[in-house]
Amino acid sequence: MSRPAVLLACCLASITCAADEEKRPTAVPSKSPEHMLQRFVDECVKIEPGKKQFPKSFVIGSEKPGPNELKRREVEIGHSFRISKYEMTQELYEVVTGRNPSRWKGPRNSVETVSWQDATRFCGALTRVLHMRKLISEDEVVRLPTALEWEYCCRAGTKSSYSFGDNTGKVLDEHAWHTGNAAGNDPAVGVLKPNPWGLYDVHGYLWEFVSDAGDGNKSARIIRGGSWRDPHSLLSSASYLTLPDHAASDAIGFRCIIASKPEAKKPADQ
């Protein structure tokens with residue numbers, strides 16, 4: 001089995017954790033569905049490439065790419081959007097869908113054990129709910145970020161291996177849940193330090209789905225950021241894996257963005 005295949009198998013494998021592991025901090029849950037919905041919108045960070053601290057061009061990939069990283073190159077992003085400060089929480093997922101598939105339960109824990117298909121359906125349902133309550137405009141939608149949008153937000157203007165630099169050790173523990181410091185039960189979102197743009201858990205905690213198909217296969221999808229099961233090498237800004245769009249794991253979740261609907265394509269000239 002190839003190294004990427006082994007890593008993916010490890011990511012999707014189920015593990016049993018000791019009941020006496022150190023208990024993670026928990027956050028106070030929201031009080032009502034209306035409060036949760038408003039909180040989600042309010043906690044999204046506005047990203048405006050070309051303004052203030054947000055550059056239009058940035059570097060993706062790695063200077064010395066590993067087997068799960070792209071080669072470094074400069075790209076440009078020219079549209080504005082809002083991205084969730086946190087990975088999607090279990091409380092909001094349950095309010096919108098009526099269920100909570102997560103293995104590690106907690107209202108303000110990140111939702112996991114969802115597939116790319118589940119995450120995409122959730123985004124559509126949340127869009128309709130937010131439209132109905134007039135919390136976003138009719139020309140906006142909630143969706144998964146593209147791989148480009150995700151890496152742009154994760155890097156937060158940095159070119160280093162991680163948004164907090166190139167070193168691991170203590171500084172990694174301060175920013176990311178990974179195999180070296182995770183007890184096996186999810187903590188609440190936002191327990192560790194954020195990246196320079198105020199986004200939490202972009203490194204570790206849970207892999208995050210993006211909208212892009214993987215390796216040209218429409219039924220395969222890309223996940224980014226690494227998880228609590230992974231070593232530091234898989235938590236870099238450039239790291240990624242691919243998996244089937246129906247696969248789910250307690251090491252995979254997602255975060256959403258709020259963006260304008262794509263403009264309708266004009267008919268080709270006859």
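The values are calculated or read from the model by the stated rules, or taken from the named source; none is laboratory data. Predicted model only: the values in this text are computed from it and were never measured. A quick note on method: Cβ atoms are made from the backbone with ideal geometry, for glycine too, and the neighbour counts reach across all protein chains shown.
Assorted remarks:
- Taking the stretch 36-85 and the strands (runs of 3 or more DSSP E) fully enclosed by it, the elements with 1 or more residues that are of a type in the set (S, T, N, Q), in contact with a Lys or Arg (Cβ under 9 Å, 6 or more places away or on another chain) and within 21 Å of Leu144 (Cα to Cα) are at 81-84.
- Candidates are the residues of the stretch 212-223 that are surrounded by fewer than 24 Cβ atoms within 10 Å (Cβ to Cβ) and either in a loop (DSSP other than H, G, I, E, B) or touching a helix residue (DSSP H, G or I) at 6+ places or on another chain (Cβ under 8 Å) (or both); the one that is modelled with the highest pLDDT is Ile222.
- Residue match in the stretch 180-202 (condition: touching a Ser or Thr at 6+ places or on another chain (Cβ under 8 Å) and closer than 22 Å to Ala220 by Cα): yes
- Search result, residues across the stretch 150-195 that are of a type in the set (Gly, Ala, Ser) and part of a loop (DSSP other than H, G, I, E, B): Ala156, Gly157, Ser160, Ser161, Ser163, Gly169, Ala176, Gly180, Ala182, Ala183, Gly184, Gly190
- The stretch 92-146, residues that are of a type outside the set (Ser, Thr, Tyr), under 22 Å from Ala176 (Cα atoms), part of a loop (DSSP other than H, G, I, E, B) and touching a helix residue (DSSP H, G or I) at 6+ places or on another chain (Cβ under 8 Å): Lys105, Gly106, Pro107, Arg108, Val111, Val114, Leu144, Pro145
- If you go through the stretch 237-257 and keep only what is small (Gly, Ala, Ser) and buried (at least 22 other Cβ atoms within 10 Å of the Cβ), you end up with Ser237, Ala238, Ser239, Ser249, Ala251, Gly253.
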